[in-house]
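The values are calculated or read from the model by the stated rules, or taken from the named source; none is laboratory data. Note that the coordinates shown come from a computational prediction; the quantities given were computed from them, not determined experimentally. Virtual Cβ from ideal backbone geometry, glycine too; neighbours counted across all protein chains shown.
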Amino acid sequence: MKKPEMMKAIRLHEFGGPEVLRYEDAPLPALKLGEVLIRVHAIGINPPDWYLRDGYKMLPPEWRPSMPFPIIPGSDVSGVVEAVAIDVQDFSVGDEVFGMIRFPSFGESAAYAEYVTAPASDLARKPVGIDHVHAAGVPMAGLTAWQFLIELGHNVQNPLQPDMHRPVPINGKTVLVNGAAGGVGHFAVQLAKWRGAQVIAVASGKHESFLHELGADEFIDYTKRPPEDVAREVDLVLDTLGGSTTGRFLRTLRQGGALFPVFLGFSDAEEAARRGITVSMTQVRSNGLQLAELGRLLDAGTIRVAIDSTFPLADARMAHERAAHGHIQGKIVLTVA
């Protein structure tokens, strides 16, 4: 069967709010060496998607990349291999795969589409026990939790800190996860439990039973009391929200503990040094081998993916509006007919 030359995709022709996401015809991507062509069934949406959409306004102007329009956003897909480059041996036409494509890169992942090309090294076979919607919710959030907590898996230096990020041993330790019900957070809770930690989950009250089901030992409802006023002698805080308020968690940590903020903004280095606390972060990167390990845990039922909501690809704008509303439980996913 001859492949089409055009496909439907979501494209940006300018930066802005959800209204700039346009569902339209786009050329099918060209297959390069080392790549496979995927017929996409589902697409996971992530914060970098809206950072790109609004032109990386949260970055200083000199850090903002220049990108030619039109741009197809997105990085996380689950689908079926439609074609493979001549040098690819790990995948065949018809394989069900999932992955985070070419991340980090600016506007090159191009996942909000009916077809996407992907380096074979960014992919893993989709777990048999879950559908494409759930698989599409895994890559970025699951890999972020994995690379912060379990194994970094790359040697790319974070330019914002002098030392490489190193996960710390958590077996028998107390781990607090802030933003525990979200994409990264709900994986972090489960991976920390899998590795033998006592887990304190911080989220709003409506997520309490959900997080206990995922294995959280304690729950703090941040709408009733600030977590930094409750938790004490914690070994590790994974703050999935990060930002300028992340320093408040220093007081929850024991001497010699660690604070891992997922987003930029920490500015209390002197206090951290005084308390002997390691503050470290990293940028998640595509890694098919780590994704395969996550896939095995998903197939075994050791961890699971929660889906907040799904939207057809054509309604990506509505999905971004849902994301902006916050209080997400798990992942938002786009579906491709």
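What to note about this one:
- Residue match in the range 222-231 (condition: touching a Pro at 6+ places or on another chain (Cβ under 6 Å), crowded, with 17+ Cβ neighbours inside 10 Å and of a type in the set (D, E, K, R)): no
- Residue in the range 16-33 that is of a type in the set (A, V, I, L, M, F, W, C), surrounded by 15 or more Cβ atoms within 10 Å (Cβ to Cβ) and not in a loop (DSSP other than H, G, I, E, B) present: yes
- Among the candidates A216, A201, A272, the residue that is at pLDDT 95 or above, closer than 18 Å to D163 by Cα and not acidic (D, E) is uniquely A272.
- Looking at L297, L289, just one residue is closer than 30 Å to R254 by Cβ and not assigned by TED's automatic domain parsing to the domain that holds H207, and that residue is L297.
- Residue list for the range 165-189, filter: in contact (Cβ under 8 Å) with a residue 24 or more places away in the chain and either surrounded by fewer than 23 Cβ atoms within 10 Å (Cβ to Cβ) or assigned to a loop (DSSP other than H, G, I, E, B) (or both): H165, R166, V168, I170, N171, G172, K173, G179, A180, A181, G182
- When the criteria are applied in full, S66 meets the requirement of being of a type in the set (S, T, N, Q) and more than 19 Å from A314 (Cα to Cα).
- Scanning the range 322-330 for any residue that is in a loop (DSSP other than H, G, I, E, B), of a type in the set (G, A, S) and closer than 22 Å to P73 by Cβ turns up at least one such residue.
- Within the range 251-266, tally of residues that are among the small types (G, A, S), over 24 Å from the mean Cα position of the chain (by Cα) and either surrounded by 16 or more Cβ atoms within 10 Å (Cβ to Cβ) or at pLDDT below 95 (or both): 1
- A single entry from D95, D49 fulfils the requirement of being of a type in the set (D, E, K, R), out of contact with any strand residue (DSSP E or B) (no Cβ under 8 Å at 6 or more places or on another chain) and surrounded by 16 or more Cβ atoms within 10 Å (Cβ to Cβ): D49.
- Test for F103: is it within 15 Å of I45 (Cα to Cα) and in a loop (DSSP other than H, G, I, E, B): yes
- Contacts under 7 angstrom Cβ, first residue in the range 218-242 being over 22 Å from Q190 (Cβ atoms) and of a type in the set (K, R), partner buried (at least 16 other Cβ atoms within 10 Å of the Cβ) and at pLDDT 95 or above, 6 or more apart: R232/T252
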